[in-house]
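Here is the structure we will look at.
The values are calculated or read from the model by the stated rules, or taken from the named source; none is laboratory data. All of these numbers come straight from a predicted model, not from anything done at the bench. Heads up, the Cβs are rebuilt from the backbone with ideal geometry, glycines too, and the neighbour counts pull from every protein chain shown. Just so you know, the surface numbers come from the protein's heavy atoms only, side chains and all, with ligands and any DNA or RNA stripped out. Shrake-Rupley method; radii C 1.70, N 1.55, O 1.52, S 1.80 Å.
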Amino acid sequence: MAALEENLGTGWEFSTRVVFDAPLAEVAPWIRPAMGRLERASGGCVLVGSTSNPAMYAQEWLTTVPFAFHVAGGQELRAAVATLASRLTAALADQS
């Protein structure tokens, strides 16, 4: 089952590369295998994978990880995160 889940994180049409500003050991419990492969990186860790649904990846997966991150790769994922950020920012707009 673990091997199948790991393979679900690769081979999709939209690449993903997300850098977390936290140690791999702290981030790992929050990462599901279908999100991609988590690797050590200088100053934190990086999640490398792919998705067929960047909006879902941004809204349902990345938002559950309680660490600072930036999208270092995958233009479609970057656009999905930007759309989500705009939507959340608009939700805070003064309605008076």
For the chain, what does the helix formula give at 222 nm: sum of -39500 (n - 2.57) over DSSP H segments with n ≥ 4, over the residue count, nearest 500 deg cm²/dmol? -8000 deg cm²/dmol
Using mean Cβ contacts within 10 Å as the protection proxy, how do 33-40, 47-54 order, highest first? 47-54, 33-40
Using a Gaussian network model on the chain with a 10 Å cutoff between Cα atoms, which of R32, R17, R78 fluctuates the most? R32
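Counting heavy atoms of the protein chains only and a 1.4 Å probe, report the per residue accessible area for the chain as a whole number of Å². Write out the running numbers ahead of the final one.
Working: 5890 Å² over 96 residues.
Computed with neighbouring chains in place, this is 61 Å² per residue.
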So what's the angle, to the nearest 10 degrees on a 0 to 90 scale, between helix 75-91 and the longest Cα principal axis of the chain? 40 degrees
Tell me the Rg and the Dmax, in Å, that the Cα atoms of the chain produce. 14.0, 53
Ignoring ligands, DNA and RNA, what percent of the 1.4 Å accessible area of the chain is carbon and sulfur? 57 percent
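Once you keep just the Cα pairs under 8 angstrom separated by 6 or more residues, what percentage relative contact order results for the range 33-96? It would help to have the intermediate numbers written out before the result.
Values: 38 pairs, mean separation 15.2, N = 64.
In percent, rounded to a whole number, it is 24.
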